[in-house]
Amino acid sequence: MSETVTEALLETLAERLGLDLDDTTLADCLSDAAAEMQLYLGWTDDEWAGDLPAAIQRKVMQLASLYYQRTALEAEAPGVSSTSVTEDKLSQSVTYRSADSYAAQEEAIFRSMARYRRRAAL
């Protein structure tokens, strides 16, 4: 991915997630997502260095968001998907993520990109 595309994706991703652009975890997740997508697609470094189609850029952002959730959010509250508290009758609800939910989401993102594959991934 070109540096211009990377910076634009990082800005968009930070804005959508409501995060500071200087968040190194987010930048690392975007880098990891781009590398994994390139590997999955089987694109050469030369193919990947140019401007990517918008569909691939969106999927890289989705993957980076997923990686961010898995790393940063899991550190704050491991396994917790959502919580709610009601004060009037004093009730509390916690929903937990299944162990396979991240893997399933990642697989779905990659499956949606199958038509862009250049060769079989090793």
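The values are calculated or read from the model by the stated rules, or taken from the named source; none is laboratory data. Nothing here was measured: the structure is a model prediction, and the numbers come from that model. Because the Cβ atoms are built from the backbone with ideal geometry, glycine has one as well, and the counts that use them run over all protein chains shown.
Within region 9-27, can you find the residues that are surrounded by fewer than 16 Cβ atoms within 10 Å (Cβ to Cβ) and either out of contact with any helix residue (DSSP H, G or I) (no Cβ under 8 Å at 6 or more places or on another chain) or not in a helix (DSSP H, G or I) (or both)?
Glu11, Glu15, Gly18, Leu19, Asp20, Leu21, Asp22, Thr24 - these are the residues of region 9-27 that are surrounded by fewer than 16 Cβ atoms within 10 Å (Cβ to Cβ) and either out of contact with any helix residue (DSSP H, G or I) (no Cβ under 8 Å at 6 or more places or on another chain) or not in a helix (DSSP H, G or I) (or both).
Only one of (1) modelled with pLDDT of 80 or more; (2) under 19 Å from Ser31 (Cα atoms); (3) of a type outside the set (Val, Ile, Thr) is not met by Arg115, so which one is it?
The number of the failed condition is (2).
Find the residue count for region 45-60, including only residues that are in contact (Cβ under 8 Å) with a residue 60 or more places away in the chain and not in a helix (DSSP H, G or I).
First, the residues of region 45-60 that are in contact (Cβ under 8 Å) with a residue 60 or more places away in the chain: 47, 53, 55-56.
Keeping just the survivors that are not in a helix (DSSP H, G or I) gives 53.
Here the count works out to 1.
Would you check if Leu41 is in contact with a helix residue (DSSP H, G or I) (Cβ under 9 Å, 6 or more places away or on another chain), crowded, with 18+ Cβ neighbours inside 10 Å and touching a residue at least 40 places away in the same chain (Cβ under 8 Å)? Break it down into steps so the answer makes sense when it comes.
Numbers: in contact with a helix residue (DSSP H, G or I) (Cβ under 9 Å, 6 or more places away or on another chain): yes; crowded, with 18+ Cβ neighbours inside 10 Å: yes; touching a residue at least 40 places away in the same chain (Cβ under 8 Å): yes.
The answer is yes for Leu41.
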